[in-house]
Each structure stands twice: as C-alpha cells, then as structure tokens.
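Can you keep this structure in mind? I'll have questions shortly.
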Amino acid sequence: MTAQPPNPTPKPILNPKAPSSLLPNLPHNANVLVVRLRSIGDVVLTLPALQALYDWRPDLRIHMLVEPYSAPLLEGHPAIKEVIVLRKFWETVRLLRRRKFSIAFNMHGGPTSAFLTRLSGAPVRVCWAHRQFSSFYNVHVPIHFPVAGRIEMHTTEHRLQQLLYMGLPETPLQAAKVYVNTDAAERVRRKLAEKGIGASQPYAVMRPGASQANKRWPTERFAAIAQWLRETHGIATVVNLGPGDEQIAAEVRQRFAPGVNARESSAANSAGGMITDSLDLRELVALLAGSCLFVGNDTGPTHIAAALGKKSVVIFGASDAKVWSPWKTEYRLIENPFPCKQCPLGKCESLPASQCIFAISVDEVREACEALLGTTQRQIPRCARNDNENF
C-alpha cells in the first residue's frame with residue numbers, strides 16, 4: 001500500500017462536550033489515524049470496528065499504525081487506505097505528521113502509542129479514560145461506555161467503543177477478515193507437498209504455544225488429538241511453532257517427530273503430520289486458510305483462523321474467554337470452571353504448576369473436534385454459552 005494524497009487542512013476541534021458530533025462532521029476525505037501496536041491478535045480484532053467505520057463513511061481515509069510483524073495482516077483490506085509500519089520513533093513521527101490527520105484513535109493505550117498519538121499532529125486525539133499520559137488526549141472515552149447495551153464486552157466490541165463514542169452509528173459488527181497472499185499460498189502448497197500433504201489431503205493446524213505457561217495445554221495431549229484425527233478422520237496435522245515457542249519446541253519435536261532435529265520434520269510422523277517453525281506471517285495465513293480445522297490455545301493465530309472462517313477448537317486457561325473467544329466463526333471453546341481462571345500471573349500462586357489448563361482432558365478436546373467435524377451449522381459451545389453477540 002502506498003501513501004495517499006495530502007489531506008485537506010484539518011478543521012479546528014469541534015465542541016468537546018459533544019464528542020458524538022466529531023466523526024459525522026469530519027471533512028470529506030479526511031485522514032483518520034488508528035494506532036494499534038503489539039500483538040497480532042489485537043490487530044485482527046480491531047478490523048471489524050474499522051470495517052464498520054468504512055461501511056458508514058467510505059470517503060474517510062483510514063490509516064493504521066502497526067508493528068512491522070503485524071503489517072501483513074492488513075494487506076488487501078478494503079477498509080484500510082494505508083498501513084503505516086512503526087519505525088524509529090522520530091522517523092515515525094515525521095511520517096504521521098505529513099499526513100495531516102484530522103483525528104487520531106489510540107486503540108493500544110501504552111506509552112509508545114501515547115507519545116505517537118500526541119505528536120501525530122491530529123487536532124483531535126482519542127483514547128480511553130484513565131490511560132497513561134491522559135493529558136495527551138482531548139477526548140477521553142468512558143471505560144463503561146456501552147456497546148450493544150452492555151458494559152461487559154468482547155475485545156472486538158471494545159475496539160468499536162471509541163468509534164461509537166465519537167458518533168459512529170451502532171450496527172452489528174461483522175467478522176474480521178484477513179486476505180491470503182497468492183505467492184505465500186504457493187510456497188505453503190509446495191512445503192506441504194514436500195512433506196506428503198497433497199492438495200486433496202485434509203489437514204488441521206495445531207498451535208500448542210502461548211505467551212505464558214498457564215495458557216499452554218500440554219504438548220502430549222495435542223499429540224494425542226493429532227493421532228486421533230489421523231486414525232479416525234484421515235486428517236493430517238501441521239504443528240505450527242512461532243516466536244516465543246522456544247520453551248516447548250524440543251518437546252514438540254519429541255512428541256511429533258522423534259529423532260528429527262531439523263527445523264522442519266522431513267516426513268509424516270506418528271501423530272500424523274508435520275512441524276514447521278519457519279513460516280512468515282503471510283505463509284501462516286495461507287497455511288490456516290487451507291486447513292479444515294484449527295486446534296490451539298488462546299493465541300494470535302487463533303484469531304487469524306477465525307478471521308479466515310476456520311472451524312476452531314480453542315483451549316482456555318488463565319485468560320477470559322468472554323473477552324478473547326474467536327469472533328464470529330464456528331468454534332468450540334473448552335475451559336475449566338475454576339474461579340481463579342482469569343489469573344494475570346504466569347503460574348498459580350500456591351501450586352507448583354498451573355492447574356487451570358491442565359484440568360482439561362484429551363476427551364473434552366476430542367469431543368469438541370468431533371462436534372465441529374460432524375456439523376455444518378454453528379451451535380453455541382457447551383462450555384461457552386455466552387456468545388460473541390449476547391453476553
């Protein structure tokens with residue numbers, strides 16, 4: 001994506017006591033900045049809100065500032081006029097100021113995004129109330145501003161919150177969408193074929209990693225599910241490892257490809273698939289797009305799979321499923337009923353190992369997979385009665 005023509009000079013800040021007038025009164029073709037740094041899952045879950053803004057006012061030029069590793073997720077998205085990739089701080093500031101933004105939304109809220117929003121040159125700067133460096137913003141969105149009549153909401157709805165407060169008419173959010181790069185899809189096709197997974201062979205993608213230990217289901221249980229998928233349904237498994245999965249990489253290779261020390265296993269293994277840890281993000285999107293099922297923990301690739309419309313079985317440990325469940329795809333969610341399941345720590349305070357995710361059995365995950373593989377109609381998951389649209 002390329003830079004856009006200069007924007008008309010931004011109008012002065014409108015009445016700050018009537019923030020709902022700000023978006024409707026933006027000039028035609030106004031440049032709008034949306035800042036969302038860090039994780040790929042958060043970037044994906046921001047897309048439905050931006051699509052809603054674009055559907056309402058397609059004249060607005062939406063520019064999204066993201067980290068370099070997240071940028072491929074936005075390629076080809078119709079709602080986004082330009083992807084601005086984070087660079088060195090002052091270089092990024094210069095890039096932002098050249099675009100003469102009429103309004104800037106900080107949908108991240110951290111210190112780096114706060115300083116970039118403040119220095120963007122936008123006369124209207126929006127963030128949630130009570131965030132760091134609150135003086136950098138001249139519009140503060142109440143943290144309990146309702147979406148769909150609720151103050152408890154999914155992350156996707158939380159991203160919409162800022163736009164609604166600024167005057168976007170509320171309509172039901174669509175699914176997130178990411179788009180497959182043709183060249184990446186061809187590279188993935190060749191890699192799969194080299195490992196014996198041809199075009200007619202159905203495969204599941206497994207993601208056994210996660211950002212912290214109490215979000216990671218045991219690797220040996222993923223292997224048991226992979227073997228069951230192969231033996232019962234004839235479905236091969238591709239185990240995907242990504243950045244941060246170094247702690248479990250050796251065990252994954254042991255469980256899925258015994259005796260193989262290369263970066264990728266050279267043949268189908270006893271669990272019925274292959275291991276890959278060398279895919280870039282475009283290739284990961286292509287890999288997920290070709291799969292018939294996703295099985296994984298609460299991670300960024302989970303939300304990419306959902307944005308591709310993939311049937312997903314998601315295993316939750318410490319994180320809040322009501323906030324981070326897959327958005328608008330057919331899924332089953334398995335979690336335990338422990339009252340401490342939203343623990344913000346990386347491990348249990350009083351036990352030698354986190355019990356929340358370890359309490360989930362192979363049988364539970366197998367039943368969830370079977371339910372998805374045997375149905376074409378979305379049903380409300382047994383363990384997730386609170387659906388995306390109706391908490």
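With all protein chains present, calculate the accessible area of Ile197 using a 1.4 Å probe and round the result to the nearest 10 Å².
Ile197 has an accessible surface of roughly 10 Å² with all protein chains in place.
Given the stretch 13-151, what percent of its DSSP beta bridges are antiparallel, to the nearest 5?
Among the beta bridges of the stretch 13-151, antiparallel pairing accounts for roughly 5 percent.
While we're on this one: Suppose the chain between Ser135 and Ser200 were pulled fully straight at 0.36 nm per residue; how much longer would it get relative to their current alpha carbon spacing?
Taking 0.36 nm per residue and subtracting the Cα distance, the gain is 17.7 nm.
With every protein chain present, what accessible area does Glu67 have (1.4 Å probe, heavy atoms only), rounded to the nearest 10 Å²?
Its heavy atoms expose roughly 20 Å² to the probe.
Any idea what log10 I(q)/I(0) is at q = 0.17, 0.35 Å⁻¹ for the stretch 187-226, Debye with uniform C-alpha scatterers and no solvent?
For the stretch 187-226, the Cα-only Debye profile gives -0.62, -1.13.
Going by amide H atoms built from the backbone, whose H comes under 5 Å of the H on Leu293, apart from near neighbours?
Distant-sequence amide H within range of Leu293: Val205.
Can you sort Lys100, Lys215 by 1.4 Å-probe accessible area, starting with the largest?
Heavy-atom accessible area, descending, gives Lys100, Lys215.
Mind checking the dipole of the stretch 76-199: about its Cα centre, +1 per Lys or Arg Cβ, -1 per Asp or Glu Cβ, Debye to the nearest 20?
Charge dipole, the stretch 76-199, about its Cα centre: 580 debye, nearest 20.
Let me ask something else about it. With the cut-off at 1.5 for a/c, could you classify the stretch 48-97 from its C-alpha gyration tensor as rounded, prolate or oblate?
Oblate shape, in that a/c is at least 1.5 and b/c is the bigger or equal ratio.
Related question: Using the structure shown, list the pairs from Lys195/Lys310; Lys100/Lys311; Lys191/Lys322 with a Cα-Cα distance above 30 Å, or answer none.
Among Lys195/Lys310; Lys100/Lys311; Lys191/Lys322, the Cα-Cα distance tops 30 Å for Lys100/Lys311; Lys191/Lys322.
For q values of 0.10, 0.13, 0.22 Å⁻¹, compute log₁₀ I(q)/I(0) with the Debye formula on a Cα-only model of the stretch 123-234, without solvent.
The Debye formula, applied to the Cα set alone, gives -0.63, -0.84, -1.20.
Now a separate question. How big is the Rg/Rh ratio for the stretch 50-174, C-alpha atoms only, Rh by Kirkwood, two decimals?
0.94
Using a 1.4 Å probe on the protein heavy atoms, what percent of the accessible area of the stretch 176-260 belongs to carbon and sulfur?
47 percent
The values are calculated or read from the model by the stated rules, or taken from the named source; none is laboratory data. The model shown is predicted, which means the values in this text are computed figures rather than measured ones. As a convention, Cβ positions derive from the backbone with ideal geometry for all residues, glycine included, and neighbour counts pool all protein chains shown. Side chains included, ligands, DNA and RNA excluded: accessible areas come from the protein's heavy atoms. Shrake-Rupley method; radii C 1.70, N 1.55, O 1.52, S 1.80 Å.
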